[in-house]
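Read the structure below first, then the notes.
None of the figures in this text is laboratory data; all of them are computed from the coordinates on show. Predicted model, so just to flag it, every value in this text is computed and none were measured. Cβ coordinates were reconstructed from backbone atoms using ideal geometry, including for glycine residues, and neighbour counts include every protein chain displayed.
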Amino acid sequence: MDILITGLLLGGTYALIAMGLNLQYGVARIMNLANGELLVAGGFGAFFFYTSGQVSPFLTIFLVAPAAFGVSWVIYRIMLRPLVNRAKSRGQLETDSILATFGLSFVGVGLMLAAFGGDYFNYSYLARPITLAGDTFALNRVASFLAAVVICGLLYLWLNRTRAGLSIRAIAVSPDSARLVGIDVPRMAAIAFALGGAVTAVGGALISTYLTLDASAGVIFTLKALIIVIMGGVGDVRGTIVAALFLGVVETLVASLIDPGLTLAAAYALFILVLLFRPQGLFGKTPT
């Protein structure tokens with residue numbers, strides 16, 4: 001039972017991180033390989049405010065989110081929108097965005113190294129035990145999970161119950177059809193990309209309460225977010241949440257029963273199995 005709960009706690013935060021990439025890839029059609037660097041930047045922000053002013057990371061997210069939204073908006077409008085305009089097909093856009101954001105990830109790592117150095121960073125916040133179902137867990141993990149659940153729930157409701165959210169979902173299904181019903185596709189795609197960046201940075205702030213990070217750690221989280229998005233189905237919020245929880249449980253099982261060093265290998269093995277047997281994702285429909 002403790003392995004299952006620990007896995008779900010980890011998977012809840014994974015869901016928040018992957019939700020950001022899903023918005024960027026599923027709606028804006030940008031495969032953002034710099035996604036993890038924004039996560040680390042969010043963690044750095046939480047670390048800085050807590051160590052310098054004892055500001056709770058759960059309050060810091062209200063500073064991190066708008067800052068990440070603004071940065072992501074500028075990146076999309078200046079760097080990525082020209083790629084969208086010139087792309088003659090979705091395949092070309094994916095190739096161009098992969099190359100562009102791959103370079104952007106190195107820029108992000110370099111800026112964080114210059115600002116914070118290359119040392120690992122962590123801090124002690126809510127680092128005390130709490131008992132759940134007869135087992136002991138770290139309070140910071142539980143609190144981060146609950147925060148992630150609330151944010152994912154609000155995002156899900158926004159996407160399904162508001163006009164703007166429904167417009168974003170329409171673009172994810174068919175940009176051409178969305179244009180026919182009067183949706184401003186370029187504007188909404190920019191909003192989706194920026195919102196994805198904000199959600200990712202918030203995930204970084206939450207995960208920094210119990211994980212040690214450094215400037216180059218972003219690539220691992222980018223890869224895990226990509227695995228979750230593909231496994232859950234591109235553009236499918238429900239699939240992203242389920243896949244993230246499943247990945248968290250699998251990693252915890254491997255770390256607890258086999259070897260902690262094999263968790264990333266287990267994630268890749270799961271990814272390969274999904275590509276081989278369920279490429280459309282957990283809830284996707286088989287092409288006819």
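A Förster distance of 30 Å, applied to the separation of the beta-carbon atoms of GLN280 and ASP2, puts the FRET efficiency at 0.35. Judged by the mean number of other Cβ atoms found within 10 Å, the most tightly packed of the peptides 215-225, 190-200, 249-259, 135-145 leads the ranking 190-200, 215-225, 135-145, 249-259.
Under 1.5 on a/c is rounded, so check that first for region 1-69, then, if it is not, pick prolate when a/b is larger than b/c and oblate when it is not; a ≥ b ≥ c are the square roots of the alpha carbon gyration tensor eigenvalues. Judged from the Cα gyration tensor, region 1-69 comes out oblate (a/c at least 1.5, b/c at or above a/b). Whole-Hz Karplus values for region 20-26 come out as x, 5, 5, 5, 6, 7, x Hz, taken residue by residue from phi with 6.51 cos²θ - 1.76 cosθ + 1.60 and θ = phi - 60°; glycine and proline positions read x. Amide H contacts for GLY235 (H built 1.01 Å from N in the peptide plane; partners 5 or more residues away or on another chain; cut-off under 5 Å): GLY26.
Set the Förster distance to 45 Å, then compute FRET efficiency between ARG163 and TYR120 from the Cβ-Cβ distance, nearest 0.05. The calculated FRET efficiency here is 0.55. In this label model, LEU99 and ASP176 are separated by 2.5 nm, measuring between points 7 Å along each Cα→Cβ vector. Determine the shape class of region 16-217: with a ≥ b ≥ c the square roots of the Cα gyration tensor eigenvalues, call it rounded for a/c under 1.5, and otherwise prolate if a/b is greater than b/c, oblate otherwise. In terms of gyration-tensor shape, oblate.
For region 153-225, what class follows from the C-alpha gyration tensor (a ≥ b ≥ c being the square roots of its eigenvalues): rounded when a/c is under 1.5, otherwise prolate if a/b is larger than b/c, else oblate?
Taking the square roots of the gyration eigenvalues as a ≥ b ≥ c, region 153-225 is prolate.
Using amide H atoms built in the peptide plane, which far-off residues or other-chain residues are under 5 Å from LEU132 H to H? Amide H to amide H, under 5 Å and 5 or more residues apart or across chains, LEU132 pairs with PHE137. Rounded to the nearest Hz, the phi-derived 3J(HN,Hα) couplings of region 97-112 under the Karplus curve 6.51 cos²θ - 1.76 cosθ + 1.60 (θ = phi - 60°) are 5, 4, 5, 5, 6, 4, x, 5, 5, 5, 4, x, 4, x, 5, 6, where x marks glycine and proline. Taking amide H as placed 1.01 Å from N in the peptide plane, ILE30 has its amide H under 5 Å from the amide H of TYR25, each at least 5 places away in sequence or on another chain.
Separation of region 107-167 from region 8-40 is 12 Å, based on Cα centroids. For region 126-142, 3J(HN,Hα) computed residue by residue from phi via the Karplus equation (6.51, -1.76, 1.60; θ = phi - 60°) reads 6, 7, 9, x, 9, 9, 10, 6, x, 10, 9, 9, 6, 5, 5, 5, 5 Hz, glycine and proline entered as x.
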